[in-house]
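Here's the structure, in structure tokens; my notes come after.
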Amino acid sequence: MRRSQIFWKVVVLVCGIFGSTARAQQLAVPSSSLADELPTAASSFLASPTQDPAAPKTPVAKGGSDTKPSGGSIESPEPKVDAQDETPQQTKRILWVIPNYRAVSTSLRLPRLSAKEKFWLATQDSFDYSSFIFTGILAGVAMANNSEPSFGQGASGYGQYYAHTFADGTIENYLTEAIVPTLTKQDPRYYTLGHGGFLKRTGYSVSRLFLTRTNNGSSTFNISEIAGAAAAAGIGNAYYPPTSNTWVKTYQRWGTQLALDGAGDILKEFWPEINRTIFHNKY
């Protein structure tokens with residue numbers, strides 16, 4: 001009995017040793033395999049969509065405003081459009097022909113013009129295709145009146161009239177719309193009055209020959225128009241043939257330029273109403 005007791009005690013002791021060793025190996029295995037399995041677990045976690053378990057799911061009502069269209073994009077609401085201004089607006093051209101780049105509508109407020117923009121206005125008025133047509137008409141009228149007998153008649157005479165008339169208009173445009181306004185800091189644009197009776201608006205248009213705006217918007221004497229047109233008429237003496245009444249011719253050219261510019265201002269003033277009433281804003 002004693003030997004059997006000793007034997008069973010040895011068996012129990014060995015089993016206990018083997019059991020503790022197995023448990024130790026079991027605990028040691030995860031520590032080595034955990035490092036291998038972490039990247040796989042992390043990648044699978046990142047690949048799955050993240051959901052907040054605390055956030056309740058919001059049901060989308062069928063046919064409601066939160067329902068997305070079949071195309072997958074949500075249509076933005078239409079912007080609110082203000083009521084159209086009832087004041088007739090200026091257009092870039094009058095009757096599709098006459099340039100109207102310097103006219104400013106009544107309800108329009110524009111920033112000041114730079115020197116470069118003033119020269120561009122003069123260029124547009126001088127070399128627009130319509131200016132060649134207008135020059136041809138003025139040259140024909142001058143030849144019909146035989147204003148320069150030395151030019152003669154016929155095709156050669158008409159060419160002389162045309163060249164001189166074109167030079168008169170181009171020089172006057174650059175002086176009254178670009179050079180002098182830049183030096184005097186004046187605005188060469190025509191600002192439409194747009195209200196009042198016929199006589200009031202006509203008087204306003206004619207007064208723009210003598211009054212204009214500065215770059216800051218204040219009213220001032222129109223040196224650009226008066227002095228610029230006078231300088232252009234004086235420069236014309238350099239290419240017109242000398243005559244005994246040179247100064248008379250100079251004053252005539254000066255007066256003609258002022259009259260043409262005044263008529264142009266009157267047309268600019270009433271053009272928006274003419275376009276709307278007669279042509280139904282066609283032009």
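The values are calculated or read from the model by the stated rules, or taken from the named source; none is laboratory data. Remember, predicted model here, so these are calculated numbers, not experimental data. Cβ: placed from backbone, ideal geometry, glycine included. Neighbour counts: every protein chain shown.
Taking GLN252, is it of a type in the set (S, T, N, Q), touching a helix residue (DSSP H, G or I) at 6+ places or on another chain (Cβ under 6 Å) and assigned to a helix (DSSP H, G or I)? I'd like the intermediate steps shown before the answer.
Values: of a type in the set (S, T, N, Q): yes; touching a helix residue (DSSP H, G or I) at 6+ places or on another chain (Cβ under 6 Å): no; assigned to a helix (DSSP H, G or I): yes.
No; evaluated as a whole, the condition is false for this residue.
Looking at LEU175, LEU209, which one is part of a helix (DSSP H, G or I), surrounded by 13 or more Cβ atoms within 10 Å (Cβ to Cβ) and at pLDDT 95 or above? Reasoning before the result, please.
Working: LEU209 fails: part of a helix (DSSP H, G or I).
The match here is LEU175.
Could you tell me whether PHE166 is under 29 Å from the mean Cα position of the chain (by Cα), in a helix (DSSP H, G or I) and farther than 30 Å from SER219 by Cα? Before you say what the answer is, go through the steps one by one.
Values: under 29 Å from the mean Cα position of the chain (by Cα): no; in a helix (DSSP H, G or I): yes; farther than 30 Å from SER219 by Cα: yes.
So PHE166 does not fit the description; no.
Of everything in segment 89-146, what is out of contact with any helix residue (DSSP H, G or I) (no Cβ under 6 Å at 6 or more places or on another chain), among the small types (Gly, Ala, Ser) and over 30 Å from LYS249 (Cβ atoms)? Give them in sequence order.
Those that are out of contact with any helix residue (DSSP H, G or I) (no Cβ under 6 Å at 6 or more places or on another chain), among the small types (Gly, Ala, Ser) and over 30 Å from LYS249 (Cβ atoms): SER105, SER107, SER114.
With LEU199, LEU193, LEU183 as the choices, which residue is among the hydrophobic types (A, V, I, L, M, F, W, C), farther than 19 Å from LEU138 by Cα, at pLDDT 95 or above and outside any helix (DSSP H, G or I)?
LEU193
Which of the residues belonging to segment 212-229 are over 22 Å from ARG253 (Cα atoms) and touching a helix residue (DSSP H, G or I) at 6+ places or on another chain (Cβ under 6 Å)?
none
For segment 151-161, enumerate the residues that are more than 16 Å from THR256 (Cα to Cα) and either assigned to a helix (DSSP H, G or I) or in contact with a strand residue (DSSP E or B) (Cβ under 7 Å, 6 or more places away or on another chain) (or both).
Correct list: PHE151, GLY154, ALA155, SER156, GLY157, TYR158, GLY159, GLN160.
Would you pick out the residues in segment 235-249 that are touching a residue at least 40 places away in the same chain (Cβ under 8 Å), out of contact with any Lys or Arg (no Cβ under 9 Å at 6 or more places or on another chain) and not in a helix (DSSP H, G or I)?
TYR239, PRO241 - these are the residues of segment 235-249 that are touching a residue at least 40 places away in the same chain (Cβ under 8 Å), out of contact with any Lys or Arg (no Cβ under 9 Å at 6 or more places or on another chain) and not in a helix (DSSP H, G or I).
Tell me which residues, restricted to segment 215-234, are not hydrophobic (A, V, I, L, M, F, W, C) and not in a helix (DSSP H, G or I). Before you say what the answer is, go through the steps one by one.
So the first thing to find is which residues in segment 215-234 are not hydrophobic (A, V, I, L, M, F, W, C), and the list is 215-220, 222, 224-225, 228, 234.
Listed by number, the residues that qualify are ASN215, ASN216, GLY217, SER218, SER219, THR220, ASN222.
Any idea which of (1) within 23 Å of ALA238 (Cα to Cα); (2) without any contact (Cβ under 8 Å) to a residue 12 or more places away in the chain is the one TRP120 doesn't satisfy?
Failing condition for TRP120: (1).
So in segment 135-150, with the set limited to residues that are touching a residue at least 24 places away in the same chain (Cβ under 8 Å) and assigned to a helix (DSSP H, G or I), which one is surrounded by the fewest Cβ atoms within 10 Å (Cβ to Cβ)?
It comes out as SER150.
When the residues of segment 255-283 are narrowed to those that are touching a Phe, Trp or Tyr at 6+ places or on another chain (Cβ under 6 Å) and part of a helix (DSSP H, G or I), which ends up surrounded by the fewest Cβ atoms within 10 Å (Cβ to Cβ)?
Narrowing segment 255-283 to residues touching a Phe, Trp or Tyr at 6+ places or on another chain (Cβ under 6 Å): 265, 268, 275, 283.
Retained after the next criterion (residues that are part of a helix (DSSP H, G or I)): 265, 268, 275.
Working: ASP265: 21, LYS268: 22, ASN275: 19.
Filtering segment 255-283 for residues that are touching a Phe, Trp or Tyr at 6+ places or on another chain (Cβ under 6 Å) and part of a helix (DSSP H, G or I), the one surrounded by the fewest Cβ atoms within 10 Å (Cβ to Cβ) comes out as ASN275.
Would you check if THR214 is of a type in the set (Val, Ile, Thr), without any contact (Cβ under 8 Å) to a residue 40 or more places away in the chain and loosely packed, with under 15 Cβ neighbours inside 10 Å?
On the way: of a type in the set (Val, Ile, Thr): yes; without any contact (Cβ under 8 Å) to a residue 40 or more places away in the chain: yes; loosely packed, with under 15 Cβ neighbours inside 10 Å: yes.
Spelling it out, THR214 is indeed of a type in the set (Val, Ile, Thr), without any contact (Cβ under 8 Å) to a residue 40 or more places away in the chain and loosely packed, with under 15 Cβ neighbours inside 10 Å.
From the set of residues in segment 179-206 that are aromatic (Phe, Trp, Tyr) and more than 19 Å from LEU260 (Cβ to Cβ), which is surrounded by the most Cβ atoms within 10 Å (Cβ to Cβ)? Explain how you work it out, then say what you get.
Taking segment 179-206 first, the residues aromatic (Phe, Trp, Tyr) are 190-191, 198, 204.
Filter again for more than 19 Å from LEU260 (Cβ to Cβ), leaving 191, 198.
Values: TYR191: 21, PHE198: 9.
Checking each candidate, the answer is TYR191.
Given the options SER107, SER131, name the one that is at pLDDT 90 or above and either surrounded by fewer than 18 Cβ atoms within 10 Å (Cβ to Cβ) or not acidic (Asp, Glu) (or both).
On the way: SER107 fails: at pLDDT 90 or above.
Exactly one residue qualifies, and that residue is SER131.
Do the conditions hold for ALA227, that is, is it closer than 13 Å to THR176 by Cα, touching a Lys or Arg at 6+ places or on another chain (Cβ under 9 Å) and either surrounded by fewer than 18 Cβ atoms within 10 Å (Cβ to Cβ) or hydrophobic (A, V, I, L, M, F, W, C) (or both)? Talk me through it step by step, then tell me what you get.
Working: closer than 13 Å to THR176 by Cα: yes; touching a Lys or Arg at 6+ places or on another chain (Cβ under 9 Å): no; either surrounded by fewer than 18 Cβ atoms within 10 Å (Cβ to Cβ) or hydrophobic (A, V, I, L, M, F, W, C) (or both): yes.
When the stated conditions are applied, ALA227 does not pass them.
For segment 266-283, check the following and say yes or no: at least one residue is in contact with a helix residue (DSSP H, G or I) (Cβ under 9 Å, 6 or more places away or on another chain) and of a type in the set (Lys, Arg). Let's see the steps before the verdict.
Our first condition is that a residue be in contact with a helix residue (DSSP H, G or I) (Cβ under 9 Å, 6 or more places away or on another chain); within segment 266-283, this holds for 266-270, 274, 281-283.
Add one more test, that the residue is of a type in the set (Lys, Arg), and what stays is 268, 282.
Yes, segment 266-283 contains a residue that is in contact with a helix residue (DSSP H, G or I) (Cβ under 9 Å, 6 or more places away or on another chain) and of a type in the set (Lys, Arg).
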